[in-house]
Amino acid sequence: MLDRLKSLFASANSESKASAHDLELAAAALLVEVGHADHDSDPREAAAMIAIACKTLQLDKSEAQQLLQDAKHTQSSATSLYEFTELLNRHFSKAQKVELIEDCWRVAFADGDIDRYEDHMIRKIAELLYVSHADFIRAKLKIADTAKNNKR
């Protein structure tokens, strides 16, 4: 997973004005959107977002928390998901988009309950990222299986 993000930032088109921070912020804003989809601020979902940011971006906990605070602010002032997904569509490979959808599922499964609004939000994000329905379902089942095994 770590190599995935390293390759993402290494392969970002240098002609574009998007910085690595812009891409991190866009991805984090989508995770925040999923976390807020059920209108419940669950600390387990917040912890999952921090863990994802720490692991995939090699941030320490305080840097991850700051990124998520920035993402919350950016997300709350956004008019739609398009401004995030459009940027990610220009710079993420198909595999990176699927990994982001898996991360969205990790956030949604963190509280042990998939709310219909979380499911809908992730489906919407997947569609905007041009992730196929089959990949969307595979990501959901993969993370659901991991979450189920972690409960044991």
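Overview of results
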| read-out | value |
| --- | --- |
| Pair list, Cβ under 9 Å, 6 or more apart: the stretch 120-141 residue on the phi > 0 side of the Ramachandran plot, other residue not polar (S, T, N, Q) | Tyr130/Lys94; Tyr130/Lys97 |
| Selection status of Ala20, among the aliphatic types (A, V, I, L, M), at pLDDT below 90 and under 17 Å from the mean Cα position of the chain (by Cα) | yes |
| Residue match in the stretch 24-43 (condition: surrounded by fewer than 17 Cβ atoms within 10 Å (Cβ to Cβ) and either part of a helix (DSSP H, G or I) or touching a Cys at 6+ places or on another chain (Cβ under 6 Å) (or both)) | yes |
| Condition broken by Ala47, with the remaining ones in (1) in a helix (DSSP H, G or I); (2) farther than 20 Å from Asn150 by Cα satisfied | (2) |
| Members of the stretch 110-127 found to be more than 13 Å from the chain's Cα centre (by Cα) and in a helix (DSSP H, G or I), listed by number | Arg116, Tyr117, Asp119, His120, Glu127 |
| Test: Gln75 is surrounded by 16 or more Cβ atoms within 10 Å (Cβ to Cβ) and not hydrophobic (A, V, I, L, M, F, W, C) | yes |
| Which numbered condition Ala95 fails, given (1) surrounded by 16 or more Cβ atoms within 10 Å (Cβ to Cβ); (2) touching a residue at least 60 places away in the same chain (Cβ under 8 Å) | (1) |
| Evaluation of Met49 against (1) touching a residue at least 40 places away in the same chain (Cβ under 8 Å); (2) hydrophobic (A, V, I, L, M, F, W, C); (3) more than 27 Å from Ala20 (Cα to Cα) (one fails), failing number | (3) |
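The values are calculated or read from the model by the stated rules, or taken from the named source; none is laboratory data. Please read these numbers as outputs of a predicted model, since none were measured by experiment. Because the Cβ atoms are built from the backbone with ideal geometry, glycine has one as well, and the counts that use them run over all protein chains shown.
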